[in-house]
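Report on the following structure.
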Amino acid sequence: MSDADAKPTRKPEQIRLTDHRKGLVKLERRLLLRSTLSLGALSMLAGCDLQDNDQVDKALWTMSRWNDRVQALLFRGDKLAPTYAASQITKPFPFNAFYDEFDAPDIDGAAWKLEVSGLVRDKQPWTLARLRNLPQAGQITRHICIEGWSAIGQWSGVPLKSFLQAIGADISAKYVGFKCADRYYSSLDMPTALHPQTILALDFGQEPLPTSYGYPLKVRVPTKLGFKNPKHVVAVFVTNENPGGYWEDQGYNWFSGI
Ligand SMILES: Nc1nc2c(c(=O)[nH]1)N[C@H]1C(S)=C(S)[C@@H](COP(=O)(O)O)O[C@H]1N2
Ligand SMILES: [Mo]
């Protein structure tokens, strides 16, 4: 997957640049080449307007160190995200969303259905019971948020690959998109969708996902940054048009992972 497939990010000209322009452009190229973050993400993460030179310097250094650390945490050489022991699970696990925790959608699992559309043979919606009847897989992996924190958690559920097979998805298509109950949305390239560690997580810590962490279904993708792990998913679709995502469409690099 190349950056040509990524959604266009904020153009550098739109950000007020002083004499740091060259450095920033070089850094952005480096970040993009390594398939991680864009300049837009950097400016958002740094929380500065990229005009104050001292602030920019600080942001660049923090960012490039953070970037190296994230690469090291995500990448093990064989394209599998590192796994951990149960004793290493972070407690309490942090909550994050574009709203406060008490605003997380309260979903009735009995009424919930997972809609299926796009390039698939069987568009019948799925109930929780039907999803639980498919073979389940678990993992203890690290969730890395672009805001600069990470935490180890335990998730289990249906490997997305088995689900795509069950619905007769065209796996030669380019993307799998997800829509959530809270206006959030995201998407994955097909190789990541078929990755053995990408799961439709129903459980967190061996219990049904709590409301905060995405009840009743969250896509757990340990090879990607946290924002590419949509919670409260209500629809899955297969497509050749890049569906983008909530943060992706605001300048965060679409690929954001390995
Ligand atoms: N539906 C939905 N999914 C979401 C988000 C969101 O705001 N809404 N935020 C994302 C971000 S940025 C992060 S870091 C993780 C946080 O997941 P957690 O609350 O389980 O830690 O959820 C991701 N998935
Ligand atoms: Mo995040």
Estimated dipole of the stretch 103-189 in Debye, rounded to 20 [Cβ of Lys and Arg +1, of Asp and Glu -1, Cα centre]: 340
Student exercise, the stretch 154-222 dipole from Lys, Arg, Asp, Glu Cβ charges, in Debye to nearest 20: 140
The stretch 99-258 shape via C-alpha gyration tensor axes, a/c threshold 1.5: rounded
Efficiency of FRET between L80 and R183 - r from beta-carbon atoms, R0 22 angstrom, step 0.05: 0.10
Potential lengthening between I89 and Q124 on full extension [0.36 nm per residue; Cα-Cα distance subtracted]: 9.0 nm
Pairs from K79/K218; K161/K218; K79/K123 whose Cα-Cα separation, in the structure shown, is over 25 Å: K79/K123
Cα→Cβ-extended label distance, 7 Å offset, between K113 and S150, nm: 4.0
Per-residue Cβ neighbour rank within 10 angstrom, fewest leading, C145, C180: C145, C180
Protection proxy ranking of 194-201, 82-89 - average other beta-carbon atoms within 10 Å, highest first: 194-201, 82-89
Spin-label pair S162/R132, simplified geometry with 7 Å Cα→Cβ offset, distance in nm: 1.5
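No value in this document is a laboratory result; all are computed from the given coordinates. Every value quoted in this text rests on a predicted model; they were computed, and no experiment measured them. Neighbour counts are summed over all protein chains in view; Cβ atoms, including those assigned to glycine, are modelled from backbone coordinates with ideal geometry.
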